[in-house]
Amino acid sequence: MVFSTPVFLFGFLPVVLLFYYLSPTRYKNRWLLIASLFFYAWGEVFYVLVMLISIVANFLVGRKIDQNHTLKKQRDFYLALGISINLFLLITYKYANFIVDNLNFLLNSLYLPSIDIPSIHLPLGISFFTFQAISYLVDVHRREVPAQKKLLDLGLYISLFPQLIAGPIIRYHDVSAQISDRQHSLELFASGTIRFIYGLAKKVLLANPLAEIADSVFASTGNDLTMPLAWLGILAYTLQIYFDFSGYSDMAIGLGRMFGFRFHENFNYPYIATSLRTFWRRWHISLSSWFRDYVYIPMGGSRVSTLRVYRNLFLVFILTGFWHGASWNFLIWGLLHGVFLAVEHAGFSNLLEKLWKPIQHAYLLFIVMISWVFFRADTITQAIDYLIALFDIRNFATSELQYMQVVTYESLWALPIALLLAMPVYPVLKQWLQKISGQGVLRTALLIDLPRLALLSSLLFLCMVKVASSTYNPFIYFRF
């Protein structure tokens with residue numbers, strides 16, 4: 001089930017909210033767990049068993065780690081066992097076919113018989129809930145939190161539907177107290193509703209029209225893919241993936257607030273960054289901080305020799321690439337980021353800081369957009385052909401008909417609006433309006449409250465119309 005569908009918006013969410021707030025406090029978690037498992041089973045009927053296995057296994061291993069907290073060897077053994085179970089599930093369902101396909105390529109080149117296994121379905125959101133389960137075990141191992149004593153509450157943490165399919169990745173130590181005791185208020189619910197509407201508008205009104213441009217351009221081949229069209233396509237995808245991903249994060253954060261949870265932010269205007277290092281402090285914050293705290297720092301982080309720092313960076317971004325999908329394209333995408341982060345770490349960042357700010361932004365956007373080509377393309381060959389088209393000045397001429405074939409009426413206005421909103425225009429405008437309104441109740445109502453209500457009402461109306469009438473609703477995270 002996807003947030004931006006009629007089934008979720010007009011059926012699932014209203015029913016879940018109604019019964020959640022009608023339920024006594026002691027039953028709220030149970031109802032939310034049932035709703036979350038139903039939400040997952042809607043699209044993954046049989047694979048909900050994989051999630052249930054994960055919940056039970058992590059609950060039992062977590063208890064064992066906690067019970068042996070004074071015995072380091074036993075504690076380390078159970079942590080390794082728990083991580084192995086989680087990685088086994090992830091590798092089996094996400095990477096088994098990829099591994100076998102590459103082994104078969106090697107075997108065929110040696111004239112050896114191929115390995116034959118059936119095609120394995122990728123359970124939705126398995127990368128997200130697996131990483132959350134691992135963070136739970138590590139947090140218990142580090143004595144940051146006690147092991148969860150209630151199976152249902154750990155099940156809720158792993159399966160909680162707002163962040164289940166597209167993040168953000170929630171750390172157990174951040175929400176453990178909220179699972180057992182959280183406060184609900186009209187103000188928190190209202191802020192969650194507002195955040196959800198903004199996220200839905202990002203996805204439906206901006207990301208989806210931009211996806212039509214990106215899909216059309218990336219489907220072009222040969223001379224049909226001219227240099228201007230190639231740049232238009234990758235620009236559209238650069239904005240699409242940001243508004244799609246951050247829109248889902250906004251919806252998840254908003255839904256969490258509706259049920260009394262407070263999740264951390266996942267995006268902070270990443271395209272205004274001036275280096276790749278600062279980009280990763282703003283892009284998919286929950287993933288980058290997860291790798292930082294559970295992989296990079298345990299390996300020594302930046303406190304080791306220069307060569308080991310580079311090794312740590314490359315390993316983290318190889319894992320980051322493969323986390324997104326079982327494809328060599330994702331590996332190359334991760335390696336590109338790893339290489340340029342290593343270059344910045346080697347001293348280029350000092351030079352970069354001395355340059356004019358627009359040049360710093362241009363450098364960051366160029367690296368990010370070029371790497372997005374590998375992220376979006378289906379194959380390495382397609383990615384290389386696309387990169388050639390980006391710089392093929394000989395194939396510059398583009399007719400009006402070619403533009404009309406890839407640009408729809410909706411995307412025509414979505415593109416400039418997305419370019420504007422990718423910058424922190426809204427918070428700056430909000431801060432300016434608060435400043436000029438002062439403490440006056442009437443001025444605040446006229447300058448802030450009424451315009452915001454009108455904006456939210458308009459966005460919600462447009463989203464409902466779009467959701468009800470459109471059948472085009474791409475979901476990027478099926479690949480994750």
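The values are calculated or read from the model by the stated rules, or taken from the named source; none is laboratory data. Computed from a prediction, not measured in an experiment: that's the story for all the values here. Neighbour counts are summed over all protein chains in view; Cβ atoms, including those assigned to glycine, are modelled from backbone coordinates with ideal geometry. Remember, those area values only see protein heavy atoms, side chains included, never the ligands or the DNA or RNA. Shrake-Rupley method; radii C 1.70, N 1.55, O 1.52, S 1.80 Å.
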Any idea which of (1) closer than 28 Å to His324 by Cα; (2) surrounded by 13 or more Cβ atoms within 10 Å (Cβ to Cβ); (3) among the hydroxyl-bearing types (Ser, Thr, Tyr) is the one Thr471 doesn't satisfy? (2)
Can you say whether Ile318 is under 27 Å from the mean Cα position of the chain (by Cα), farther than 26 Å from Leu206 by Cα and either of a type in the set (A, V, I, L, M, F, W, C) or at pLDDT 95 or above (or both), as far as the supplied structure shows? yes
Tally time: how many residues in the stretch 94-144 are within 14 Å of Ala326 (Cβ to Cβ), at pLDDT below 90 and hydroxyl-bearing (Ser, Thr, Tyr)? 1
For the stretch 301-313, give me each residue that is open to solvent by 70 Å² or more (accessible area, probe 1.4 Å) and either in contact with a Leu (Cβ under 8 Å, 6 or more places away or on another chain) or charged (D, E, K, R) (or both). Arg303, Arg308, Arg311
Candidate set: the stretch 276-291, residues that are within 16 Å of Gln360 (Cα to Cα) and of a type outside the set (D, E, K, R); chosen: the one surrounded by the most Cβ atoms within 10 Å (Cβ to Cβ): Leu276
Candidate set from the stretch 219-244 (those that are assigned to a loop (DSSP other than H, G, I, E, B) and not β-branched (Val, Ile, Thr)); member that is surrounded by the fewest Cβ atoms within 10 Å (Cβ to Cβ): Ala219
Filtered residue count, the stretch 369-388, keeping only those that are out of contact with any Leu (no Cβ under 8 Å at 6 or more places or on another chain) and crowded, with 16+ Cβ neighbours inside 10 Å: 7
Looking at (1) closer than 25 Å to Pro424 by Cα; (2) small (Gly, Ala, Ser); (3) at pLDDT below 95, find the lone condition where Ser220 falls short. (1)
Within the stretch 1-16, how many residues are closer than 25 Å to Gln178 by Cα and surrounded by fewer than 16 Cβ atoms within 10 Å (Cβ to Cβ)? 2
Of the conditions (1) of a type outside the set (D, E, K, R); (2) part of a helix (DSSP H, G or I); (3) under 27 Å from the mean Cα position of the chain (by Cα), Met1 fails just one. Which one is it? (2)
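Count, please, the residues in the stretch 17-73 that happen to be part of a loop (DSSP other than H, G, I, E, B) and either without any contact (Cβ under 8 Å) to a residue 40 or more places away in the chain or among the aliphatic types (A, V, I, L, M) (or both).
Looking only at the stretch 17-73, we keep the residues that are part of a loop (DSSP other than H, G, I, E, B), and these are 23-24, 44-47, 68-71.
Still in the list and also either without any contact (Cβ under 8 Å) to a residue 40 or more places away in the chain or among the aliphatic types (A, V, I, L, M) (or both): 23-24, 45-46, 68, 70-71.
Summing the residues that are part of a loop (DSSP other than H, G, I, E, B) and either without any contact (Cβ under 8 Å) to a residue 40 or more places away in the chain or among the aliphatic types (A, V, I, L, M) (or both) in the stretch 17-73 gives 7.
Among the helices (runs of 4 or more DSSP H) contained in the stretch 108-195, which hold 1 or more residues that are open to solvent by 50 Å² or more (accessible area, probe 1.4 Å) and either more than 30 Å from Asp244 (Cα to Cα) or among the aromatic types (Phe, Trp, Tyr) (or both)? Break it down into steps so the answer makes sense when it comes.
Numbers: elements: 126-141, 151-159, 172-180.
Fully inside the stretch 108-195 and qualifying: 151-159, 172-180.
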Examine the stretch 413-434 for a residue that is in a helix (DSSP H, G or I) and more than 31 Å from the chain's Cα centre (by Cα), and state whether such a residue exists. yes
For the stretch 354-376, enumerate the residues that are in a helix (DSSP H, G or I), farther than 26 Å from Ser216 by Cβ and out of contact with any Ser or Thr (no Cβ under 8 Å at 6 or more places or on another chain). Pro358, Ile359, Ala362
Do any residues in the stretch 118-146 that are closer than 18 Å to Thr92 by Cβ and in contact (Cβ under 8 Å) with a residue 12 or more places away in the chain have Cβ atoms under 6 Å from those of residues that are open to solvent by less than 10 Å² (accessible area, probe 1.4 Å) and of a type in the set (Ser, Thr, Tyr), where the two are at least six apart or on different chains, and which pairs are they? Ala133/Ser54
Is it the case that the stretch 259-268 has a residue that's assigned to a helix (DSSP H, G or I) and open to solvent by less than 20 Å² (accessible area, probe 1.4 Å)? no
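Just a yes or no: is a residue in the stretch 446-458 of a type in the set (Val, Ile, Thr) and open to solvent by 90 Å² or more (accessible area, probe 1.4 Å)?
Of the residues in the stretch 446-458, the ones of a type in the set (Val, Ile, Thr) are 448.
Then drop every residue that is not open to solvent by 90 Å² or more (accessible area, probe 1.4 Å), which leaves none.
No: the stretch 446-458 contains no residue that is of a type in the set (Val, Ile, Thr) and open to solvent by 90 Å² or more (accessible area, probe 1.4 Å).
I'd like to check something: does the stretch 389-402 contain any residue that is open to solvent by less than 90 Å² (accessible area, probe 1.4 Å), closer than 20 Å to Phe243 by Cβ and free of Cβ contacts under 8 Å to residues at least 12 places away in the same chain? Please lay out each step first, then the result.
Filtering the stretch 389-402 down to residues open to solvent by less than 90 Å² (accessible area, probe 1.4 Å) leaves 389-390, 392, 395, 397-399, 402.
Pick out the ones that are also closer than 20 Å to Phe243 by Cβ and you get none.
No, the conditions are met nowhere in the stretch 389-402.
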Any residue in the stretch 408-434 that is farther than 24 Å from Phe279 by Cα sitting within a Cβ distance under 7 Å of a residue that is part of a helix (DSSP H, G or I) and modelled with pLDDT of 85 or more? List the pairs, counting only those 6 or more apart or interchain. Thr408/Pro209; Thr408/Glu212; Glu410/Pro209; Ser411/Pro209; Ser411/Leu210; Ser411/Glu212; Ser411/Ile213
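Have a look at Leu71, Leu60 and point out the one that is at pLDDT 95 or above and either of a type in the set (Val, Ile, Thr) or open to solvent by 50 Å² or more (accessible area, probe 1.4 Å) (or both).
Values: Leu71 fails: at pLDDT 95 or above.
Result: Leu60 is the single residue among Leu71, Leu60 that is at pLDDT 95 or above and either of a type in the set (Val, Ile, Thr) or open to solvent by 50 Å² or more (accessible area, probe 1.4 Å) (or both).
Quickly run through the stretch 280-305 and pick out the residues that are of a type in the set (S, T, N, Q), free of Cβ contacts under 8 Å to residues at least 40 places away in the same chain and part of a helix (DSSP H, G or I).
Ser288, Ser289
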Taking the stretch 325-341 and keeping only residues that are open to solvent by less than 10 Å² (accessible area, probe 1.4 Å), of a type outside the set (S, T, N, Q), within 20 Å of Lys94 (Cβ to Cβ) and part of a helix (DSSP H, G or I), one is left with Phe330, Trp333, Gly334
